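Note sheet for the following structure.
The values are calculated or read from the model by the stated rules, or taken from the named source; none is laboratory data. The model shown is predicted, which means the values in this text are computed figures rather than measured ones. Positions of Cβ are generated from backbone atoms using ideal geometry, with glycine treated the same way; all protein chains shown enter the neighbour counts.
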Amino acid sequence: MQTMTSPIRSLVPILTLKDHTATVSCLCKGLERRSIVSGSWDKTGRIWRISDANEVSSVVLRGHDAAVWAVESVSCGQRYVTGSADKNIFVWNAAGVKIFVLKGHTDCVRGLIGLGNGGLLSCGNDAVIKVWNDEGECVNDLFGHSNYIYSMALNKSVGEDVLVSGGEDSTIRMWSASEGALGEELRLPVQSVWGVACLRNGDIVAGGSDGTVRIFTKDPARMAPPDALAAYQTAVEVWQREHSAELGGIKVNDLPGPESLLVEGTEGQTRIVRQPNGKIECFQWTAGNWQLVGDVTGASGGTNASSGKTLYQGKEYDFVFNVDVEDGAPPIKLPYNRGQDPWYAAQEFIHKNNLPQVYLDQVANFVIKNSGNAPVAPANSSYRDPFTGGSRYVPGSGTAASGSNFMDPFTGASSYRTQQTVESNSGEHFPISTDAIALARCDGGVAPEGQIGSLKCLLKWPRGILFPVLDIARLAVRSEAICRALIDAEVFRTIVDCISDSAANQLMALRCLANMLIHQFGRDVVRKRLGEVLGRVSEIRKGSVNAQLAIATFLLNATVAQMTLADGDECKILGECILETTLWLDDPEAVYRCFQALGNLTCTPSGQEIIALTISSDSVIDKLKSFSSGIIPSGFEKLAKCSKDLCVGIDFLSRIRFSRSSFHSFSDTPCAQVGIAVGGRENPAITFIISRSLSPSRSIVRASGRGAFQTSR
């Protein structure tokens, strides 16, 4: 940087051009000898031609709807260009006839530069520099300034397409029109850089709002003395510190200048303006004019340097990150406080900026890395069940889950309820309400009425956004006390209706129903409308792996309940639904659970009827045989064993009890009950025990071997 104090020689005007009716805002040389182009707040541009005898003629460039703030002549193609506060750029021929309009800026156009190839550079209050080709197409956007850009200049000593720019963000930046930003910005101890120019030796000249012209050079021979450079750096730091204050969450630096008052408002509209002297004033549009209301006071006062916090949109944050989500686009602000869930912050950021959901992990990890916030490591466990989020049995993985009064006949555990706590599902990516989240974390006991009420209200949301609420509900209903308080006729109707809704809602509705079946209250509620629920499930003909698991788990849990209830009609419709569902399932785990459910029903008093239904379905029999003798995916040997056991048992029982032609008569023989016990985790054997009794009121079917089920009626 250089400092110059030499006085400038006074200039005497030789000619005055007076046809503009308002402030003249910009000038450039014309295409012809002794010609200039001007722009004015009177919404026009003018091409002035001055003869050798100082006779003046002009062509008016009329058509803009607001002040003309930039003019340029482009020798390639003999064109004139005007830029206006109406956000448009007009291109004119030498005769002053408009050729075409360039649209793309979202705020006032402040600067124009013609390129040798007929192209054009433009900048404006939208903080973007646009590069246009000679056909009027925008070929590049240069992002970097954070506020208005007032001026640009080519620096041909560096490169043919190299330019510098200055604006309201206290910086000067260098660019390549084709490649983007070049190097770091130059920061000045002023609010506004009103004008920039480039000397032939590459030095950059800048005029600031403090009334000082500064020259920047990269040549050590022309640099200012070290003490002057040190003083300048100190001035820049002091300026930045003093001007980081905000007014009501709005950065003072981001406030528009008095030129914003040139744009008309609507009756009663107010506008806050930062004057060149730093004063912040409020204006109101009244009777067709902006009227001064008064000075604006009350800056928040806290700065990052003094309080350790950063103000963003009126709130204090420990961090406000700049996140680059697209090449060539300005970064997006991501506020974050220590102790906040980084996944929650990332999800809010994605929703607010309409970003793809696939960015969630990347954004959350970015926050964790840059905030020094170490995430809590998940508890060590084996496989994570996609249905419940907890651990399920994997062959060879250890003992069964414990703690239930409702024994799974094939695993020795409760229904299909895995060993888990709500903490293992700690990734609440849908922060609907703090009350609802607290409710989801309950694992027993009764939640406060306010929390139950909040969740009930959320369950009335439109179906399109109900998915995260159902996700919370499926966790809440695992507690019998909470389920009792939450599930009424209206809530249950919502859950059942969602079975026939979108795939996401369908998945969560089925998970809700499956989880309700692990306690008595839930079983009673589901049984009252079991026919309707199974009817809707039977209508499903395809689904994702998670959906298949949800359906199969619901059916399995429903059959476990039937082993104590033994309702003949319910067993029959359950069996029909299981057989229909089994036909289209293709996930091995889901098929395995359906086969388990089928085995459960054969061990109820309606077992003979279930066997008959199974035998009557050639497709199901073929599927059983296929899994029992075909190639099974690694890790699902249990499916092959289960299928083989069912095939052997059904074949044996069908031969000793009835043939296909006599299915109608099996229910008329109450003297015996027949069941198939499919080997559990550690029980590969299958045993058929037929207990005959003169009294049909009691029969016992028991499968031998550890881990097999037992039930009595």
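The strands (runs of 3 or more DSSP E) falling completely within the range 108-173 that include 3 or more residues that are surrounded by fewer than 20 Cβ atoms within 10 Å (Cβ to Cβ) map to 138-143. Scanning the range 460-477 for residues that are of a type outside the set (K, R), over 21 Å from R523 (Cβ atoms) and either in contact with an Asp or Glu (Cβ under 9 Å, 6 or more places away or on another chain) or part of a helix (DSSP H, G or I) (or both) yields a count of 8.
For the range 21-66, the set of residues classified as surrounded by 15 or more Cβ atoms within 10 Å (Cβ to Cβ) and among the small types (G, A, S) consists of S25, G30, S35, S38, G39, S40, G45, S58, G63, A66, listed by residue number. Would you point out the residue of the range 21-78, among those that are charged (D, E, K, R) and in a strand (DSSP E or B), that is farthest from F100 (Cα to Cα)? Looking at the filtered set, the residue picked out is R49. The set of residues in the range 128-169 being out of contact with any His (no Cβ under 8 Å at 6 or more places or on another chain) and hydroxyl-bearing (S, T, Y) consists of S146, Y148, Y150, S151, S157.
Just one residue in the set S122, S73, S146, S157 is modelled with pLDDT of 95 or more and of a type in the set (S, T, N, Q); that residue is S122. Every listed requirement among (1) over 23 Å from F627 (Cα atoms); (2) in contact with a helix residue (DSSP H, G or I) (Cβ under 6 Å, 6 or more places away or on another chain); (3) in contact (Cβ under 8 Å) with a residue 60 or more places away in the chain is met by T564 save one, (2). Figure legend. Inter-residue proximity from the range 502-522: first residues within 14 Å of Q548 (Cα to Cα), second residues in a helix (DSSP H, G or I) and small (G, A, S), beta-carbon distance below 6 Å, spacing 6+ or different chains. Indicated pairs: L507/A547; L507/A550; L510/A550; R511/A550. Could you list, in sequence order, the residues of the range 144-168 that are within 38 Å of the chain's Cα centre (by Cα) and more than 12 Å from L182 (Cα to Cα)? Scanning the range 144-168 gives H145, S146, N147, Y148, I149, Y150, S151, M152, G166, G167, E168.
Restricting attention to the range 215-227, does a residue exist that is over 26 Å from V81 (Cα atoms) and part of a strand (DSSP E or B)? Within the range 215-227, one or more residues are over 26 Å from V81 (Cα atoms) and part of a strand (DSSP E or B).
Determine whether the range 564-582 contains at least one residue that is under 29 Å from the mean Cα position of the chain (by Cα) and either small (G, A, S) or more than 18 Å from N600 (Cα to Cα) (or both). No, the conditions are met nowhere in the range 564-582. In the range 174-202, the residue that is surrounded by the fewest Cβ atoms within 10 Å (Cβ to Cβ) out of those that are within 23 Å of L27 (Cβ to Cβ) and of a type outside the set (A, V, I, L, M, F, W, C) is R200.
Given the residues A221, A206, which is the only one that is assigned by TED's automatic domain parsing to the domain that holds S146 and in contact (Cβ under 8 Å) with a residue 12 or more places away in the chain? Quick ask: steps written out before the conclusion?
Details: A221 fails: in contact (Cβ under 8 Å) with a residue 12 or more places away in the chain.
Selected residue: A206, the only one of A221, A206 that is assigned by TED's automatic domain parsing to the domain that holds S146 and in contact (Cβ under 8 Å) with a residue 12 or more places away in the chain.
For the range 70-103, the set of residues classified as crowded, with 20+ Cβ neighbours inside 10 Å and touching a residue at least 60 places away in the same chain (Cβ under 8 Å) consists of A85 only. Of the numbered criteria (1) closer than 23 Å to V526 by Cα; (2) crowded, with 23+ Cβ neighbours inside 10 Å; (3) out of contact with any Ser or Thr (no Cβ under 6 Å at 6 or more places or on another chain), the one L601 fails is (3).
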